[in-house]
1. Across region 51-56, in residue order, what do the Karplus-derived ³J(HN,Hα) couplings come to in whole Hz, using 6.51 cos²θ - 1.76 cosθ + 1.60 with θ = phi - 60° and x for Gly and Pro?
2. How long are the semi-axes of the ellipsoid equivalent to region 13-100, from square roots of 5 times the Cα gyration tensor eigenvalues, in whole Å, largest first?
Amino acid sequence: MNQTSSAKNSISDDIHIGVGKEENSIRRLIEMNLIEKRFIDNRSLYVCQWHDCSYSTIRSDSIVRHSRSHTGERPYKCHLCDYSTIQSSSLKKHMARHLNT
Ligand SMILES: [Zn+2]
Ligand SMILES: [Zn+2]
């Protein structure tokens with residue numbers, strides 16, 4: 001049995017493995033409803049869901065960087081702990097947790 005399946009050819013395809021981190025960021029941003037991924041003409045388009053923002057791009061690195069400019073601010077802060085969020089609804093949910101204790 002000498003089946004050395006030389007998968008050397010596929011190595012070059014793995015070069016863009018650095019995108020993996022971005023994929024994680026994007027998944028998180030989608031979970032937080034900060035961005036939306038749409039498919040237009042078989043291409044993925046990332047649309048910023050921030051209120052009063054209509055930014056959209058096909059570049060994953062651009063949308064990650066862009067939404068960072070939003071999340072870096074986090075205007076809704078808890079005055080009982082150091083929790084901060086970018087969505088008022090999240091803060092409301094968080095404050096309810098304080099009230100319950
Ligand atoms: Zn935006
Ligand atoms: Zn808190």
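Values in this text are rule-based calculations from the coordinates and carry no lab data. Given the structure is predicted, the values throughout are model-derived calculations rather than measurements.
1. Using θ = phi - 60°, the values come out as 4, 6, 10, 10, 5, 8 Hz.
2. Working from the Cα gyration tensor, I get semi-axes of 29, 14, 11 Å.
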